[in-house]
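Notes to accompany the following structure.
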Amino acid sequence: FVFSLCRSAFCHSAAMPMHRYGTILQCKNTLIEMDDGDVTHFEQLMSSWRNIVVDQNSAIAVKYRTCLLLTSHATAAVFKDRVKRRINVQRTDKRHIRILKRVLFSTVTRVITFSFGHWFTTMQSLYCIDKTPHDAQWRFGFTQSGFGTLCVTTILDQLLWYSSYYWFAPFLSKPIHSKIRTYASNFLIHPLYTIMRRQMLTGESMMDAIRALITRYGYRSLFDGALCEIGRSIIYDVCGKLFDVVLKKYVLWKYDVYGICNTLDLCQEYVHIVSRDSLLVHGWVREFIAQDQKRHPYIPTHIVDLIVNDFYHEKQFDIVDTKMHKFVHRLSKTRLDAHQQSTFLSDGQFQNNVKRLFENKKFQRMWKNRIHSEMQRRQQRHIDDIGCFNESTSTINNRYNCYFFGSKNIVFYCDLCEHEIDSKRLCRFKTCGHCLCAQCRRKFRVKRKCGICKQKWTRNKNYYYLVPKFS
């Protein structure tokens with residue numbers, strides 16, 4: 001909520017000078033008409049760019065725009081899901097039914113927002129043209145002039161938006177047809193905003209405002225400032241992209257939402273286990289030889305290595321593939337900052353290597369052991385907090401045990417038969433912490449015991465680790 005609000009406030013504040021300039025051009029004829037043909041006020045507004053960018057009224061307009069954004073985000077958080085459940089858009093609906101349902105959903109949500117925030121829109125428009133209102137008391141939007149025009153504008157805007165989506169989406173990529181729809185709808189809806197702003201100034205009805213603008217100034221007067229509105233949209237999009245880049249770097253630094261650091265820690269754990277076993281066994285053998293130097297001859301180093309590798313070293317986590325083994329060692333030595341993390345996220349070759357690493361049975365076994373440890377710590381925290389373990393959710397994902405798998409689909413293997421499990425979007429764990437395929441679960445369903453650790457199973461209780469969509 002906070003990030004979305006800050007993003008909208010930043011983009012609208014950056015685009016406010018262009019928006020104010022377009023509003024002045026839009027209301028030019030009405031301003032001159034209200035001043036009895038005197039163009040002094042209009043010329044003062046357009047005399048210098050400082051009057052549009054850095055004066056007090058610009059700051060006040062930004063303040064009211066921020067209040068409108070806060071109102072829209074708050075009403076969306078409260079009412080959006082409820083309205084969506086009521087309308088219930090289905091993929092099986094026909095195309096025109098889906099369009100009408102989506103238009104109805106967006107219109108109802110925005111009408112609720114305008115009921116609370118149309119007053120802020122009016123105040124922003126008045127301060128953009130240096131018309132300080134005499135009555136600054138807040139009131140509901142449906143009690144103000146221009147509210148009906150705003151609702152009609154919203155309906156037409158949503159109809160253009162969703163219908164054009166089904167026209168352009170099959171032929172153009174999403175970023176292109178999204179911008180085409182945005183700029184085209186801004187241009188086509190602009191006359192209605194011109195009418196609405198005249199209503200704000202004169203208090204006329206919608207039909208009277210249309211009649212006055214067309215008869216006195218012609219049809220072209222309805223499009224005054226339309227190019228400025230498109231320029232405002234471009235500035236808004238550019239600032240939004242800039243904010244997204246900065247926000248992504250901050251989130252990667254603060255929260256590690258992609259799980260890259262956890263993946264690197266797992267690689268470091270693998271290297272630590274392998275090197276620790278090797279060092280301990282080498283040291284023990286050499287200590288044994290040093291103590292019995294008088295009774296035993298000198299044993300060469302390669303013989304010691306042979307003894308270590310064949311008789312003492314635990315190989316349950318050892319990766320046989322030499323290239324993959326070197327890749328893990330290289331990852332364990334990697335120290336990433338936020339920029340390098342974003343670079344890794346865009347490297348396709350790196351993502352494929354990480355995916356193959358997690359699909360390795362030995363490395364996947366070590367990952368499952370870590371998730372099992374996380375499950376045990378989670379159960380212990382519940383026992384310490386409430387005295388018993390009563391977990392309501394079966395999903396064991398959180399931001400502390402999120403891993404970067406390199407892909408949305410990972411092949412998981414059964415801990416008992418080591419066969420591939422059908423589901424590639426989640427890994428199912430039993431209460432004992434082992435991951436079994438459907439056939440193995442069916443074998444031990446009657447006994448209700450794990451085929452590996454012989455621990456009793458809780459009836460109908462499984463834990464699921466969901467592969468993140470942003471891998």
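Counting every pair of alpha carbons in the chain, the share spaced more than 43 Å apart comes to 42 percent.
Sequentially through the stretch 168-179, phi angles give Karplus couplings (6.51, -1.76, 1.60; θ = phi - 60°) of 8, 4, x, 10, 10, 6, 4, x, 6, 6, 5, 5 Hz, Gly and Pro residues having no value and appearing as x. By accessible area, using a 1.4 Å probe on protein heavy atoms only, the chain has 57% of its surface on carbon and sulfur. Taking amide hydrogens as placed 1.01 Å from N in the peptide plane, the amide H of TRP457 sits under 5 Å from those of LYS449, CYS450, each at least 5 positions away in sequence or on another chain. If you take all other residues with their beta carbon under 12 Å from the beta carbon of GLY406, and give Lys and Arg +1 and Asp and Glu -1, the sum is +1. The ellipsoid equivalent to the alpha-carbon distribution of the stretch 408-471 has semi-axes of 22, 13, 9 angstrom, derived from the gyration tensor eigenvalues as √(5λ) and listed largest first. Between THR334 and LYS248, the simple spin-label model (points 7 angstrom out along Cα→Cβ) gives 1.7 nm. Expressed to the nearest 5 percent, the antiparallel share of DSSP beta bridges inside the chain is 90 percent. Panel note: the C-alpha atoms of the stretch 1-133, placed on their principal axes, show extents of 59, 32, 23 Å (largest first). Angle of helix 2-26 to the longest C-alpha principal axis of the chain, folded into 0 to 90 degrees and rounded to 10: 20°. Taking amide H as placed 1.01 Å from N in the peptide plane, PHE429 has its amide H under 5 Å from the amide H of TYR463, TYR464, TYR465, each at least 5 places away in sequence or on another chain. Solvent exposure of the chain, expressed per residue, is 58 Å² of accessible area, with all protein chains present and a 1.4 angstrom probe.
In degrees from 0 to 90, rounded to the nearest 10, what is the angle of the helix 361-386 Cα long axis to the longest principal axis of the chain? In the chain, helix 361-386 runs at an angle near 70 degrees to the longest axis. Stokes-Einstein diffusion of the stretch 148-283 at 10 °C, 1.306 mPa s viscosity, Kirkwood radius from Cα pairs, rounded to a whole number: 80 µm²/s. Assuming R0 = 56 Å, what is the FRET efficiency of ASP55 and GLN455, from their Cβ-Cβ distance, to the nearest 0.05? So the FRET efficiency works out to roughly 0.15.
Listed by chain and number, the lysines whose alpha-carbon sits under 21 Å from that of LYS469, ignoring those within fewer than 8 places in the same chain, are LYS174, LYS248, LYS249, LYS254, LYS355, LYS368, LYS408, LYS424. Here LYS174 and HIS134 are evaluated by their C-beta separation; at R0 = 51 Å the FRET efficiency comes out at 0.60.
In a fully extended conformation the segment linking VAL238 and TYR217 would gain 4.1 nm over its present Cα-Cα distance, using 0.36 nm per residue.
Taking 13 Å as the cut-off, the amide N atoms of the stretch 352-380 that come nearer than this to a point 7 Å along the Cα-to-beta-carbon line of LYS323 belong to 352-354, 356-357. Axis angle, to the nearest 10 degrees, between helix 260-291 and the longest C-alpha principal axis of the chain: 20 degrees. Taking the three principal axes of the alpha carbon atoms in the stretch 163-205, the coordinate ranges are 45, 15, 9 Å, sorted in descending order. Using a cutoff of 8 angstrom between alpha carbon atoms and counting only pairs six or more residues apart, the relative contact order for the stretch 39-180 works out to 27 percent. Its Cα gyration tensor gives the stretch 80-188 an equivalent ellipsoid; the semi-axes, largest first and in whole Å, are 31, 19, 10.
With just the Cα atoms defining each centre, how far is the stretch 136-181 from the stretch 237-252? Give it in Å. What the calculation gives is 25 Å, centre to centre. Remark: the Cα gyration tensor places the stretch 398-438 in the oblate category, a/c being 1.5 or greater and a/b not exceeding b/c.
Measuring r between the beta carbons of VAL257 and ASP384 and using R0 = 35 Å, the FRET efficiency lands at 0.80.
Ranking of ARG82, ARG20, ARG428 by solvent-accessible surface, largest first: ARG82, ARG428, ARG20 (1.4 Å probe, protein heavy atoms only, all chains present).
Length gained on full extension, VAL446 to SER275: 57.3 nm, using 0.36 nm per residue less the C-alpha separation.
The values are calculated or read from the model by the stated rules, or taken from the named source; none is laboratory data. In this text, all values refer to a predicted model and were calculated from it rather than measured experimentally. Cβ: placed from backbone, ideal geometry, glycine included. Neighbour counts: every protein chain shown. To get the accessible areas, we keep the full protein, side chains included, count just its heavy atoms, and leave off ligands, DNA and RNA. Shrake-Rupley method; radii C 1.70, N 1.55, O 1.52, S 1.80 Å.
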